[in-house]
Amino acid sequence: MRWPWFDLGLIHKWRGEWGQCLACNRKALELEPWDAQDPAYWNAGIAATALEDWPAARWAWRGYGVPISDGDGPIEENFGPGVVRLPVGESVWGTRIDPARMALSSIPMPESGFRYGDIVLHDGAPRGSRVAGGREYSVFDVISRWRASPSPTVQVVVDARRPALGRLMASLESAGVPAENWTESMTLHCIACSHGRVDYDSPDHAHGTPPRADGSTRIGCSGTLVQVGDVVHAWASTEQAIVLGIEKVA
């Protein structure tokens, strides 16, 4: 009987006991081998990835039916963009480097404790979806931070008109500083919508982000205080803009 072993593997997965999780799913597959798309392969792949057991991870993903390149080291593929939900409930975008890991390409809010460039381990069961550019992306729950980004998150608060803000974002990009206008890009959703299908191409359930009381704009940047400060102050010196604050927040 494979199912007791599979269920025991699930318990170890929920507890983050990755060695036991991998062993139980292997046992389940030995007792009753299944074809591709077997969830025991998927859970084994998550466990092996958490353990950085790359031969086992390649065995699991290939068993599930995912094409993985040859090699003995870490799996570093490019499966395109994806969406994960952080433990605080925030959904962010990233690049899928294997079936269970994503490198964050959004700049998470500081309250999340995550950073741009973090590599996260995520579950395989979708909980909601996002539609963007005519394509639908599943949302996966983050299990843990697999590898932390070395680049801190710096928050910039400015008082400036929209054209000037556009030039600030362009200056940050030219300087190689990833940045996101949190005031304009953050959208609040009720729980039902967040765990359902959100269409960014035609948002019917966007509740909007409350404006800041002082009318300022909050921008998240990935870089050092010096990097970000140099760009922002140089920009402010040529614009009718006021820098209200620059601080490291994560």
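The values are calculated or read from the model by the stated rules, or taken from the named source; none is laboratory data. Here the structure is a predicted model, which is why all the values come from computation and not from measurement. All Cβ positions, even for glycine, are placed from backbone atoms using ideal geometry, and neighbour counts span all protein chains on display.
Within the bounds of segment 29-42, is there any residue that is part of a strand (DSSP E or B) and more than 14 Å from Ser144 (Cα to Cα)? No, the conditions are met nowhere in segment 29-42. Quick one: in segment 97-137, which of the residues that are basic (Lys, Arg) and within 20 Å of His195 (Cβ to Cβ) is farthest from the chain's Cα centre (by Cα)? The selected residue is Arg135. Ala56 satisfies every condition listed in (1) within 28 Å of Phe6 (Cα to Cα); (2) touching a Phe, Trp or Tyr at 6+ places or on another chain (Cβ under 8 Å) except (2).
For segment 55-85, filtering for residues that are in contact with a Pro (Cβ under 6 Å, 6 or more places away or on another chain) and either under 16 Å from Ala103 (Cβ atoms) or not in a loop (DSSP other than H, G, I, E, B) (or both) leaves 1. Number of residues in segment 60-80 that are in contact (Cβ under 8 Å) with a residue 12 or more places away in the chain and either surrounded by 11 or more Cβ atoms within 10 Å (Cβ to Cβ) or within 13 Å of Ala48 (Cβ to Cβ) (or both) equals 13. The residue that is modelled with the highest pLDDT, among those in segment 213-226 that are surrounded by fewer than 13 Cβ atoms within 10 Å (Cβ to Cβ) and of a type outside the set (Asp, Glu), is Val226. Each residue in segment 231-250 was checked for being assigned to a helix (DSSP H, G or I) and without any contact (Cβ under 8 Å) to a residue 24 or more places away in the chain, and 1 of them qualify.
Flag: Ala47 matches the condition of being within 19 Å of Ala148 (Cα to Cα), part of a helix (DSSP H, G or I) and not assigned by TED's automatic domain parsing to the domain that holds Ser185.
Of the residues making up segment 98-119, those that are under 19 Å from Arg130 (Cβ atoms), of a type in the set (A, V, I, L, M, F, W, C) and out of contact with any His (no Cβ under 8 Å at 6 or more places or on another chain) are Ala103, Leu104, Ile107, Met109, Phe114.
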